[in-house]
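To keep things clear, I will list the structure first and then write my remarks on it.
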Amino acid sequence: MWRSTAAIAPAFDSAQCGPTRAAPRRTAPPALSLPDLPRGVAFRCVEPGTEAKIASLGLMLARCGVLKSTDDHGDLYGAVMDALGRWLDLSWGGMGWFRFSCHVGDDVVTACDEEASNLLTQWGEERFNRLFASVAGIDPRVPHLSLKLVAKRKDVMVGDGVERLEREFTGLGWTVLAEICDAGSAYELFDFGWAEYAAGEAFWGGCESEIEWSEEWGEPLSDYQGMTRAQFDVFAPCKRLRATRKLTRDTLRELASRGEGAAARAASLVLEIRRLKAVSSPFHIDELTAELDWHPSWDPGVLMGWKNMQPIFEIGDAHGNQMMQAGDGRMCDCVGLIGLPVQDRTSLRRLQMMWKLPARKLRLADALLSEIGVEWRQ
């Protein structure tokens, strides 16, 4: 389950951009008029309600300039899905490490789970609508499509890169690593903090070491047979990272002024990302996860290791197996859930504006990771 993955395709390709088949809605959505579409795009009617919304989305994408008459698909669905991929790429594409696929669904409620519709009865209409407005930015009563962003997997080793920057200037490598971890945590970056948490759950009974496990649970330490804290600390520098005193802005400016070179580039990127420190992820899936009592995802987008990924794979396998055996809840399966109103001509541009600074911050973290990261390949 957690072994190394192959190189991945461009961020949003048509194979990854398609509707998930949801259970039939209890009530039919309001009928939508079929908009005019660019020449060369045929309309193929499959499911009247959904196809009308796809057609409206196509017109919105055409107004954004990403669905053109040169799209030679021969049917509406293929042209709109490819255009949607290009539109998402404008904000979230082109990164080397943080990459996403998109799944299109009929509405945000069934995109979560068919059981989520039961919340209407459990919570009442006001709370139900408020939750989805907060998480997905949509009143679920409004005709819309759901966009579910899912992180794609890459495994990266950062130990040599951190040490290389440390040789150029003490504290720079650890500062860069800390900034990457801070910025990427909301986008399925499984860093050393995650590894420490997962090891604690899988091996140490929720404690920080096998010694604490022995004291907490009253078990003889001689009976312990799993990964020890000392073994963990060799390949996961959590303690060192926590003890890091990040370089100051003045120090970073001095480094950046040196011109070319890895240290100057890294310092410049850190300065840029700190200017966006107050910018947070535009996706609020954690709120929905908490309300539905889902487990956090254990499917990483970027999985981080030091100089060898195998111990991280071992932790991931142990933690994942433990979660599956427990069988006490569902796992969150996406980075973000967006409700896209299909009768609002301005919704695409509003989303692009809302995503502008968060996407910029993630691109900077991606560039920083390229300064220290090497992809794991078996």
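The values are calculated or read from the model by the stated rules, or taken from the named source; none is laboratory data. The shown structure was predicted, so the numbers you read here are calculated from the model rather than taken from an experiment. As a convention, Cβ positions derive from the backbone with ideal geometry for all residues, glycine included, and neighbour counts pool all protein chains shown.
Starting from residues that are within 18 Å of the chain's Cα centre (by Cα) and part of a loop (DSSP other than H, G, I, E, B), keep the ones in the range 171-205 and report whichever is modelled with the lowest pLDDT. Here the answer is Glu188. Restricting attention to the range 210-222 and to residues that are part of a loop (DSSP other than H, G, I, E, B) and at negative phi, the residue that is surrounded by the fewest Cβ atoms within 10 Å (Cβ to Cβ) turns out to be Pro220.
Which one of Ala290, Ala263, Ala278 is among the small types (Gly, Ala, Ser) and closer than 26 Å to Met157 by Cα? Full working, then the answer.
On the way: Ala290 fails: closer than 26 Å to Met157 by Cα; Ala278 fails: closer than 26 Å to Met157 by Cα.
On inspection, the qualifying residue turns out to be Ala263.
Restricting the search to the range 287-305, which residues are of a type in the set (Asp, Glu) and either free of Cβ contacts under 8 Å to residues at least 24 places away in the same chain or touching a Leu at 6+ places or on another chain (Cβ under 9 Å) (or both)? Even if it seems obvious, please write down each step before you answer.
Here is the first cut: in the range 287-305, the residues of a type in the set (Asp, Glu) are 287, 291, 293, 299.
Glu287, Glu291 - these are the residues of the range 287-305 that are of a type in the set (Asp, Glu) and either free of Cβ contacts under 8 Å to residues at least 24 places away in the same chain or touching a Leu at 6+ places or on another chain (Cβ under 9 Å) (or both).
Here is a check on your reading of the model: is Gly173 of a type outside the set (Val, Ile, Thr), more than 30 Å from Leu288 (Cβ to Cβ) and surrounded by 21 or more Cβ atoms within 10 Å (Cβ to Cβ)? Yes, satisfied.
Among the residues of the range 164-181, those that are in contact (Cβ under 8 Å) with a residue 24 or more places away in the chain and among the charged types (D, E, K, R) comprise Arg164, Glu168, Glu179.
Checked against (1) touching an Asp or Glu at 6+ places or on another chain (Cβ under 9 Å); (2) not in a helix (DSSP H, G or I), His319 passes all but condition (2). Just so you know, in the range 199-225 the residues that are in contact (Cβ under 8 Å) with a residue 24 or more places away in the chain and among the small types (Gly, Ala, Ser) include one that is farthest from Gln325 (Cα to Cα), and it is Ala199. Quick check on Leu269: is it out of contact with any Gly (no Cβ under 9 Å at 6 or more places or on another chain), buried (at least 18 other Cβ atoms within 10 Å of the Cβ) and either aliphatic (A, V, I, L, M) or touching a residue at least 24 places away in the same chain (Cβ under 8 Å) (or both)? When the stated conditions are applied, Leu269 passes them. Checking each residue in the range 286-314 for being at pLDDT 85 or above, among the β-branched types (Val, Ile, Thr) and within 27 Å of Leu357 (Cα to Cα) picks out only Val302. Selection of the range 322-340 for residues being outside any loop (DSSP other than H, G, I, E, B) and either surrounded by 20 or more Cβ atoms within 10 Å (Cβ to Cβ) or among the polar types (S, T, N, Q) (or both) yields Gln322, Gln325, Gly336, Leu337, Ile338, Gly339, Leu340. Summed over the range 130-174, residues that are in contact with a helix residue (DSSP H, G or I) (Cβ under 6 Å, 6 or more places away or on another chain) and farther than 23 Å from Val335 by Cβ total 8. Out of curiosity, is Val109 out of contact with any strand residue (DSSP E or B) (no Cβ under 9 Å at 6 or more places or on another chain) and at pLDDT below 90? Against the criterion (out of contact with any strand residue (DSSP E or B) (no Cβ under 9 Å at 6 or more places or on another chain) and at pLDDT below 90), Val109 does not qualify.
Screening Glu291 on (1) within 23 Å of Val142 (Cα to Cα); (2) in contact with a strand residue (DSSP E or B) (Cβ under 6 Å, 6 or more places away or on another chain) shows it passes everything except condition (2).
On the given criteria, is Pro358 under 16 Å from the mean Cα position of the chain (by Cα) and in a helix (DSSP H, G or I)? Yes. Scan the range 289-315 for residues that are touching a helix residue (DSSP H, G or I) at 6+ places or on another chain (Cβ under 7 Å) and assigned to a helix (DSSP H, G or I) and the total you get is 4.
Here Gly96 meets the list (1) assigned to a helix (DSSP H, G or I); (2) modelled with pLDDT of 90 or more almost entirely, failing just condition (1).
This table checks each residue for (1) out of contact with any Leu (no Cβ under 6 Å at 6 or more places or on another chain); (2) surrounded by fewer than 21 Cβ atoms within 10 Å (Cβ to Cβ); (3) without any contact (Cβ under 8 Å) to a residue 40 or more places away in the chain.
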residue: Ser101; (1), (2), (3): yes, no, no
residue: Arg127; (1), (2), (3): yes, yes, yes
residue: Asp155; (1), (2), (3): no, no, no
residue: Val162; (1), (2), (3): no, no, no
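Within the bounds of the range 261-277, is there any residue that is over 13 Å from Lys361 (Cα atoms) and in contact with a strand residue (DSSP E or B) (Cβ under 9 Å, 6 or more places away or on another chain)? No, the range 261-277 contains no residue that is over 13 Å from Lys361 (Cα atoms) and in contact with a strand residue (DSSP E or B) (Cβ under 9 Å, 6 or more places away or on another chain). Restrict the check to the range 280-288 and report whether at least one residue is outside any helix (DSSP H, G or I), exposed (fewer than 15 other Cβ atoms within 10 Å of the Cβ) and under 21 Å from the mean Cα position of the chain (by Cα). Checked against the condition, which is being outside any helix (DSSP H, G or I), exposed (fewer than 15 other Cβ atoms within 10 Å of the Cβ) and under 21 Å from the mean Cα position of the chain (by Cα), the range 280-288 yields at least one hit. What about Arg253, is it assigned to a helix (DSSP H, G or I) and loosely packed, with under 14 Cβ neighbours inside 10 Å? Criteria met by Arg253.
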